[in-house]
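Student: The structure that follows is given in the form of C-alpha cells.
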Amino acid sequence: MLERHKISLLAALAAIFVVSRFSSHIGPYYYDIILSIGINIILAVSLNLVNGYTGQFSLGHAGFMSVGAYAAAVFTTYGAAPFLGALKPLGPFVSVSIFFGLALFLGGIAAGLTGMLVGIPSLRLKGDYLAIVTLGFGEIIKVIIENVDFLGGARGFSVPSGYTDLFWVYAMAAITIYVVLNLVNSTYGRGFLTVRDDEIAAEAMGINTTKYKVLAFTLAAFFAGIAGGLYAHFKQFINPEGFGFLRSVDIVTMVILGGMGSTAGVVIAAILLTILPEWLRWVSELPFLPHWLGPLLANRMIPYSLLLILLMLTRPQGLFGGINLKRKKA
C-alpha cells in the first residue's frame, strides 16, 4: 500500500512538473486563482488533521500560516545574497530551487515549533475552550508581528522575489495530502482516530492522547507554515491583517464544508470556496440585478454564512463526510 502511494506521489509530481512548463500560457487572473486554490488545499488538508481526524477544534490556523510566511520571507530577503552566491556553481535553476525549498522548510519549522508551543498547554482543553484559546493565540501572533518593526509592523513586509509558481504550490499540496493520508492510515496514525472517536476510552487503554493531539497540531502548523511561505512569495507583500480571524474562518469553512475527516472532500471544498468569491464578484456586477443585491453577493461572508447554515441543517457531516471513497477489494 505504501509503495503504491509513493508511486502515485512521484507520478503526480512528474505530471505537475510537466503542466507547470506551460503555465506561461495562462492569463494572470486565472493563474492567480489556480495558485490560490493550491495554497488553500494545503491549508485545508493540514487543518483537517486536527479538526477532522483528531476531533479537536482549532481557530488559529492563519496564525501559523503567518509565522511561516514571515519566516520564509525574511530568509529569502536577507539571505539571498550569501546563499545564492554559495550555490551559484550549481546553476541558476538548481540554486534557486534549493534556496526556495530551504526557505519553505524553515518557514514550516518555525510554524511547527510555534504550533507545538501553543499546543502543549492548550490541547489539554476540549471543545469550545480549545477553540477560544487557539483563536486567542492566533490573534496574539498577529499583534506581535504588528509591533515588530523588523517585520514591517502594521505597514507590511515586501518580498522582493516571487519564487512561487505552479509547480511549487501543487507539489507541496501533493506532498501534504500524501503525508496526511499515509499518517492517518498507518498503524501509528490510528491513534488520531481513536482520540477523535472516544478520548476517555483511548486514555483508559493507555494511549497518550495529549501526545497525539500535540503531534497533529504541530504537523498541521508545519504545513500551514509552508503554505504561508508559498503565499508570501506569490503575493510578494504580506500584512498582518491578511492572517486574521477571518482567514482562519475561511480555512475552517473548507474543512466543515468538505466533511471533517474526508481528505478528498476537503480538497474539493477548497477548490469550490476559492472559486466562489470570484464567481460571486462576477454575478454581483450583472446589470439586471437589484441595486441592493450586488453588494450582498460581493461580500463573501454573507454567502459563506448562509451556506454553512444550510449545510448544518441538511448535512451536518459535510458534503463528503461519512462517504467511503476507498475501492472495495474484490
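Student: When the stretch 261-288 is examined, which residues are found to be open to solvent by 40 Å² or more (accessible area, probe 1.4 Å) and either among the polar types (S, T, N, Q) or over 24 Å from GLY38 (Cβ atoms) (or both)?
Tutor: GLU285, LEU286, PRO287, PHE288 - these are the residues of the stretch 261-288 that are open to solvent by 40 Å² or more (accessible area, probe 1.4 Å) and either among the polar types (S, T, N, Q) or over 24 Å from GLY38 (Cβ atoms) (or both).
Student: With the structure loaded, tell me whether SER97 is under 16 Å from the mean Cα position of the chain (by Cα) and in a helix (DSSP H, G or I) or whether it fails that test.
Tutor: The answer is no for SER97.
Student: When you scan the stretch 198-212, do you find a residue that is within 21 Å of the chain's Cα centre (by Cα), open to solvent by 40 Å² or more (accessible area, probe 1.4 Å) and at pLDDT below 95, even just one?
Tutor: No - not one qualifying residue is present in the stretch 198-212.
Student: Moving on to the next point. Please list, ordered by residue number, the helices (runs of 4 or more DSSP H) wholly in the stretch 111-212 having 3 or more residues that are in contact (Cβ under 8 Å) with a residue 12 or more places away in the chain.
Tutor: Of the helices (runs of 4 or more DSSP H) lying wholly inside the stretch 111-212, those with at least 3 residues that are in contact (Cβ under 8 Å) with a residue 12 or more places away in the chain span 127-146, 166-184, 190-197.
Student: Is there a residue being open to solvent by 20 Å² or more (accessible area, probe 1.4 Å), assigned to a helix (DSSP H, G or I) and within 23 Å of GLY228 (Cβ to Cβ) anywhere in the stretch 54-65?
Tutor: No - not one qualifying residue is present in the stretch 54-65.
Student: Restricting attention to the stretch 158-166, does a residue exist that is modelled with pLDDT of 90 or more and either loosely packed, with under 14 Cβ neighbours inside 10 Å or among the basic types (Lys, Arg) (or both)?
Tutor: yes
Student: Mind checking which pairs have a first residue in the stretch 20-40 that is open to solvent by less than 50 Å² (accessible area, probe 1.4 Å) and a second that is in a helix (DSSP H, G or I) and small (Gly, Ala, Ser), Cβ under 6 Å, 6 or more apart or different chains?
Tutor: Listed by first residue and then by second, the contacts come to GLY38/ALA173; ILE39/ALA227; ASN40/ALA270.
Student: Which condition number does GLY55 fail, the rest of (1) within 19 Å of PHE222 (Cα to Cα); (2) modelled with pLDDT under 85 being met?
Tutor: The number of the failed condition is (2).
Student: So which residues in the stretch 31-54 are touching a Gly at 6+ places or on another chain (Cβ under 9 Å) and aromatic (Phe, Trp, Tyr)?
Tutor: If the condition is that a residue be touching a Gly at 6+ places or on another chain (Cβ under 9 Å) and aromatic (Phe, Trp, Tyr), then TYR53 is the only one that fits.
Student: Exactly one condition in (1) on the phi > 0 side of the Ramachandran plot; (2) buried (at least 18 other Cβ atoms within 10 Å of the Cβ); (3) not acidic (Asp, Glu) is false for ALA224; which is it?
Tutor: In the conditions (1) on the phi > 0 side of the Ramachandran plot; (2) buried (at least 18 other Cβ atoms within 10 Å of the Cβ); (3) not acidic (Asp, Glu), ALA224 misses (1) alone.
Student: Among the residues of the stretch 144-153, are any within 30 Å of PHE17 (Cα to Cα), open to solvent by 90 Å² or more (accessible area, probe 1.4 Å) and modelled with pLDDT of 90 or more?
Tutor: No - not one qualifying residue is present in the stretch 144-153.
Student: I'd like to know if the stretch 117-132 contains one or more residues that are surrounded by fewer than 19 Cβ atoms within 10 Å (Cβ to Cβ) and under 20 Å from TYR70 (Cα atoms).
Tutor: yes
Student: Count, please, the residues in the stretch 85-116 that happen to be of a type outside the set (S, T, N, Q), open to solvent by 10 Å² or more (accessible area, probe 1.4 Å) and either on the phi < 0 side of the Ramachandran plot or touching a helix residue (DSSP H, G or I) at 6+ places or on another chain (Cβ under 9 Å) (or both).
Tutor: Total meeting the criteria: 19.
Student: Taking helices (runs of 4 or more DSSP H) that fall entirely within the stretch 226-314, which contain at least 1 residues that are at pLDDT 90 or above, of a type in the set (S, T, N, Q) and touching a helix residue (DSSP H, G or I) at 6+ places or on another chain (Cβ under 6 Å)?
Tutor: 245-258, 263-284
Student: Further, regarding this structure: Against the definition (under 30 Å from SER262 (Cβ atoms) and either part of a helix (DSSP H, G or I) or touching a residue at least 12 places away in the same chain (Cβ under 8 Å) (or both)), how does PHE75 come out, yes or no?
Tutor: no
The values are calculated or read from the model by the stated rules, or taken from the named source; none is laboratory data. The structure displayed is predicted, hence computed values, not measured ones. Cβ sites come from the backbone with ideal geometry, for glycine too, and all protein chains shown count toward neighbours. Side chains are part of the model used for accessible areas, which takes the heavy atoms of the whole protein and leaves out ligands, DNA and RNA. Shrake-Rupley method; radii C 1.70, N 1.55, O 1.52, S 1.80 Å.
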